[in-house]
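Data block below; observations after.
The values are calculated or read from the model by the stated rules, or taken from the named source; none is laboratory data. All values reported here derive from a predicted model rather than from experimental measurement. Every residue, glycine as well, gets a Cβ built from its backbone with ideal geometry; the counts of neighbours run over all protein chains shown.
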Amino acid sequence: MTTTAALVRAARDGDREAFGRLYQLYGRMVHGVLLARMPRDEVDDLVQEVFLKAMKQLGSLREPEAFGGWLAMIARNAVTDARRRVRPTQELNEELPAPEVGADVAEAEAVLRLIRNLPEAYREPLVLRLVEGMTGPEIAERTGLTAGSVRVNLHRGYALLRERLAGGA
């Protein structure tokens, strides 16, 4: 099996397939990092922007082993940049009917809003686990966090989320 560091080195040398493999390995992580901070409908396009930026800046990564943490930081910065952009708004007619949202989607959005209001350390691990379906070791490997900190953050994040879901906040 090819290691992340070897894929990074190959991608740095222009191997597009290696970069595609990095995208496959880290796409869910980037999606989760972004989803922890911004509305779902804005995430997919931003995932693409993050990987384009990473591809352009890959030469600046000194330690290929640190790719996951470096990529997560690019994703976090992309959220900040996206919030700075001024988006033109258009006034909506009050007579337009509201879109129908299924109960499951509405409930999922409500839980995601609760997660976004948790302390920073718990948001990403919870979204990566609950939404992206990543395991604790996968989260640690992809984000550059230690397995212990991922376990602690997930445990504390779950406890706080359960408390808030029960109406404690």
Filter result for GLY167 (exposed (fewer than 13 other Cβ atoms within 10 Å of the Cβ) and over 21 Å from ILE74 (Cα atoms)): yes
Members of the stretch 135-155 that are of a type outside the set (Ser, Thr, Tyr) and either farther than 22 Å from TRP70 by Cβ or assigned to a loop (DSSP other than H, G, I, E, B) (or both): GLY144, LEU145, ARG151, VAL152, LEU154, HIS155
Selection count where residues are of a type in the set (Ser, Thr, Tyr) and surrounded by 13 or more Cβ atoms within 10 Å (Cβ to Cβ), scope the stretch 1-54: 3
GLU132 vs. criteria modelled with pLDDT of 85 or more and assigned to a helix (DSSP H, G or I): no
Hits in the stretch 108-123 - residues which are free of Cβ contacts under 8 Å to residues at least 12 places away in the same chain and surrounded by 14 or more Cβ atoms within 10 Å (Cβ to Cβ): ALA108
ALA66 being modelled with pLDDT under 90 and not charged (D, E, K, R): no
Among residues of the stretch 8-56, those that are in contact (Cβ under 8 Å) with a residue 40 or more places away in the chain and over 18 Å from GLU109 (Cβ atoms), counted: 12
